[in-house]
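Below is one structure, written out as structure tokens, with a few remarks after it.
The values are calculated or read from the model by the stated rules, or taken from the named source; none is laboratory data. Keep in mind it's a predicted model, so treat the numbers as computed, not measured. Please note: Cβ atoms are built from the backbone with ideal geometry, for glycine as well, and neighbour counts cover all protein chains shown. Surface areas here come from the heavy atoms of the whole protein model, side chains and all, with no ligands, DNA or RNA. Shrake-Rupley method; radii C 1.70, N 1.55, O 1.52, S 1.80 Å.
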Amino acid sequence: MRLFWHEVRGELLLYSRSRELAFFTFLLPMVFFVLLGSTYGNDTVDGVKGSRFLEAGMIGYGAISIAFAGLAIVLVIRRETGILKRLRATPLPAAAYIAAVLSAFLVAFAVQVVGLVLLGRIAFGIALPDRVGSLVLALLLGAVAFCGLGIGVTALIRSAEGASAVVNAIYLPTAFIAGAFFSPRHFPQVLRAIADVLPLTYFLRLVRNVMLHGHEIWSQGTNVAVLAAWGLAGVIVALRSFRWEPHEG
């Protein structure tokens with residue numbers, strides 16, 4: 001446990017010192033929240049105020065940005081530069097290292113959620129969530145599921161240079177199609193069909209039902225089950241194909 005907590009502190013320090021990673025995964029959702037909220041925040045979107053709809057969407061975008069994209073990019077870069085291989089040879093248990101990395105990214109996501117909620121309260125007068133317990137469980141489920149998918153997707157990326165390109169090509173279109181920024185209600189049928197199989201779609205539905213409509217998480221069986229299934233699929237792929245050694249060199 002001492003090794004684990006030591007590694008968690010180190011991972012958080014590395015995350016905060018990586019300016020590009022911190023901006024694109026942590027601060028960018030807040031920037032989008034302010035810009036888009038100023039554009040249609042007072043409109044009505046799917047029966048609720050636009051800023052409230054967008055706040056929940058930015059939480060979903062933050063989850064896939066940090067827990068999926070940020071985690072995958074970091075692991076690929078460390079793998080291809082030989083860092084993971086060297087860490088594997090140290091007394092630090094592999095399970096403790098992976099748990100510490102995941103914990104650091106989960107902490108970053110938790111801080112981001114608090115920042116988005118406070119920003120929504122200050123900038124747009126959005127009330128604080130009243131189903132806190134269900135919201136915490138929903139966010140934890142989503143973040144863990146996207147962490148599993150983030151580790152799993154590293155098997156598809158064979159170079160450090162291609163990490164950002166591949167991950168961005170996956171999660172940015174996913175965020176738009178799933179409805180993180182705008183309501184997908186008026187999207188073309190083909191995009192709505194794609195959205196129906198994306199894990200982010202079900203995470204957004206889960207978060208919005210809890211935050212905007214006051215539902216409890218245990219009343220969201222379909223959303224919870226699909227999200228958990230995606231996370232489990234990511235874990236299975238990760239267990240079968242995760243590499244500590246670089247592909248190159």
With segment 1-64 as the region, which helices (runs of 4 or more DSSP H) entirely inside it contain at least 3 residues that are open to solvent by 40 Å² or more (accessible area, probe 1.4 Å)? 2-17, 28-40
Let me spell it out: the conditions are (1) open to solvent by 10 Å² or more (accessible area, probe 1.4 Å); (2) under 14 Å from Ala180 (Cβ atoms), and Leu92 meets all of them except one. Which number is the exception? (2)
The conditions are (1) under 16 Å from Gly60 (Cβ atoms); (2) modelled with pLDDT under 95, and Glu248 fails exactly one of them. Which is it? (1)
Where in segment 101-219 are there helices (runs of 4 or more DSSP H), lying fully within it, with 1 or more residues that are within 18 Å of Met30 (Cα to Cα) and either within 18 Å of the chain's Cα centre (by Cα) or of a type outside the set (A, V, I, L, M, F, W, C) (or both)? 132-153, 163-178, 199-213
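Quick grid of which residues meet (1) of a type in the set (A, V, I, L, M); (2) under 15 Å from Met211 (Cβ atoms):
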site	(1), (2)
Leu12	yes, no
Phe24	no, no
Leu27	yes, no
Val31	yes, no
Asn42	no, no
Val48	yes, yes
Ser51	no, yes
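Quick grid of which residues meet (1) open to solvent by less than 40 Å² (accessible area, probe 1.4 Å); (2) closer than 21 Å to Val117 by Cβ; (3) without any contact (Cβ under 8 Å) to a residue 24 or more places away in the chain:
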{"site": "Gly148", "(1), (2), (3)": "yes, no, no"}
{"site": "Leu156", "(1), (2), (3)": "no, no, yes"}
{"site": "Tyr171", "(1), (2), (3)": "yes, no, no"}
{"site": "Val197", "(1), (2), (3)": "no, no, yes"}
{"site": "Leu200", "(1), (2), (3)": "yes, yes, no"}
{"site": "Trp230", "(1), (2), (3)": "no, no, no"}
